[in-house]
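Read the structure below first, then the notes.
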Amino acid sequence: MVTDEDVISWYSERFNKPALLTNRRWPATLDTSLSTGDYVWASETGADIMDEYFSRFNVDPAHFDFYRYWPEETFILYSLFTCGKDDDQPQPLTLRMLAESAKAGKWLYD
């Protein structure tokens, strides 16, 4: 059975590499969000993380909505003229959500 620590360890080893100048890692707890907060991943990296996650932990991605956590960005000129009001805000995607879904074998959120 998958544990919380399995998911945190996988994430830390694969994606939470030490920073170049400080050689320190970002904090990684169950409440760490990959899509909001202080340590946000770009959508390209988010896609890589989630692809590997679904494969590594054998989680059925059927109900996972990537754009809920990494909304499509608005074209820059449109954003300037509308003050970015139509941009969707990303929802938090936490390591807790990944751990709980890994335990269940399917995506539990959305």
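Helical content alone sets the calculated 222 nm signal of the chain at -12000 deg cm²/dmol, taking -39,500 (n - 2.57) per DSSP H segment of four or more residues and averaging over every residue. Relative to the current alpha-carbon distance between D88 and K17, full extension at 0.36 nm per residue lengthens the span by 22.7 nm. Summing Lys and Arg as +1 and Asp and Glu as -1 over all other residues whose Cβ lies under 9 Å from the Cβ of H63 gives a net charge of -2. Extension gain, R68 to T45, is 6.8 nm, computed as 0.36 nm per intervening residue step minus the present C-alpha separation. Figure legend: label point modelled 7 angstrom from the Cα of A28 along Cα→Cβ; residues of the range 95-110 with amide N under 19 Å from it are 95-103.
Global dimensions of the chain from alpha-carbon coordinates: Rg and Dmax equal 15.3, 51 Å.
Between the helical axis of 4-14 and the longest alpha-carbon principal axis of the chain there is an angle of about 60 degrees. Our summary gives the chain a relative contact order of 37 percent, counting only alpha carbon pairs under 8 angstrom and 6 or more residues apart.
Distances between placed amide hydrogens fall under 5 Å for K106 paired with D60, all partners being 5 or more residues away or on another chain. What do you get for the angle between helix 43-56 and the principal long axis of the chain? Use alpha-carbon atoms, 0 to 90 degrees, nearest ten. Compared with the principal axis, the helix lies near 20 degrees.
Computed from the coordinates by the stated procedures, all read-outs in this text should not be read as laboratory data. Everything numeric here is computed off the predicted structure, so don't read it as measured data. Methodologically, a virtual Cβ is constructed for each residue, glycine included, from the backbone with ideal geometry; neighbour enumeration extends over all protein chains shown.
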